[in-house]
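One structure is given here, and the rest of the page talks about it.
The values are calculated or read from the model by the stated rules, or taken from the named source; none is laboratory data. None of the values given here were measured: they were computed from a predicted structure. Here the Cβ positions follow ideal geometry from the backbone for every residue, glycine too, while neighbour counts run over all protein chains shown. Note: areas computed on protein heavy atoms with side chains; ligands, DNA, RNA excluded. Shrake-Rupley method; radii C 1.70, N 1.55, O 1.52, S 1.80 Å.
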Amino acid sequence: MDASTNCWRGIILLGGPGSGKGTQAALLAQRLGIAHISTGDLFRQNIRMETPLGKLARTYMEKGELVPDEVTVGMVRERLKQPDCANGFILDGFPRTIAQADALNQVLADMRQALTAVLNLQVAPEVLIDRLSRRWTCKSCGAVFPEFSLPPRPGCKKDVCDGELYQRPDDRPETQRHRIEVYREQTAPLEAYYAERGMLIEIDGENSVERVHQLIVDAVGCEDGAAQGER
Ligand code: AMP
């Protein structure tokens, strides 16, 4: 399926660490029936499986640094070839540098596809820090919980999962500020990059999860996969 097909979507979700990208990407992907691709989750999976890629990524992630562009782009290029991307994808945490954005354009051109929207979740730095210091992540399924929504006993309760909850090493205070700094220096320039190309849509990310989802739905003019199928 190529970009000319009506329902195909190629969406990027930009936003600082803790801005809600993962949560919103998962909701939107489910609503549109497209693939949710989180480069952070892909790296964490590789770390769990102790692959060479995971071993390499860990050395950067623990310090709150970016994994080198060539490695990250190669991983995304392979992921975009998977069958679940046939209706499109939402990229969560990629691109994070101008070089990655240029490489993505090339990868999509090779696939005869193009981006359809870039959403920027705006959240103030002090709110990001507050959220990061209070979030817990499931070791098995990667679900994220703010502290106030933790289940009564320590075990993930999203869907059927019973995984152990932990605080990501890179969510700890010493690494947080650095990640936000890295975002400001290396990733925030992508806002201008996509604005110049007329693709950037600003979303106020300081609302509730439900409200942000609705803002995104309104912005991308979503129709549910099922509804599209009926047309
Ligand atoms: P995230 O789960 O998106 O917050 O990503 C966690 C960490 O994975 C980041 O702090 C980086 O170390 C690494 N990472 C994720 N996505 C990328 C990317 N596009 N480029 C480089 N490093 C990345």
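Points worth noting:
- Selection count where residues are surrounded by fewer than 18 Cβ atoms within 10 Å (Cβ to Cβ) and part of a helix (DSSP H, G or I), scope segment 167-179: 5
- For L27, the requirement of being within 14 Å of the ligand (Cβ to nearest atom), closer than 27 Å to R135 by Cα and open to solvent by 10 Å² or more (accessible area, probe 1.4 Å) is not met.
- Residue check, L42 more than 11 Å from the chain's Cα centre (by Cα) and either over 25 Å from V127 (Cβ atoms) or polar (S, T, N, Q) (or both): no
- T72 hydroxyl-bearing (S, T, Y), within 13 Å of the ligand (Cβ to nearest atom) and more than 17 Å from the chain's Cα centre (by Cα): no
- Selected residue [open to solvent by 50 Å² or more (accessible area, probe 1.4 Å), more than 14 Å from the ligand (Cβ to nearest atom) and in contact (Cβ under 8 Å) with a residue 12 or more places away in the chain] from E196, E164, E210: E164
- Note on segment 122-158: among residues that are of a type in the set (S, T, N, Q) and modelled with pLDDT under 90, the one that is most open to solvent (accessible area, probe 1.4 Å) is S140.
- Of the residues making up segment 65-121, those that are open to solvent by 30 Å² or more (accessible area, probe 1.4 Å), touching a residue at least 24 places away in the same chain (Cβ under 8 Å) and part of a helix (DSSP H, G or I) number 6.
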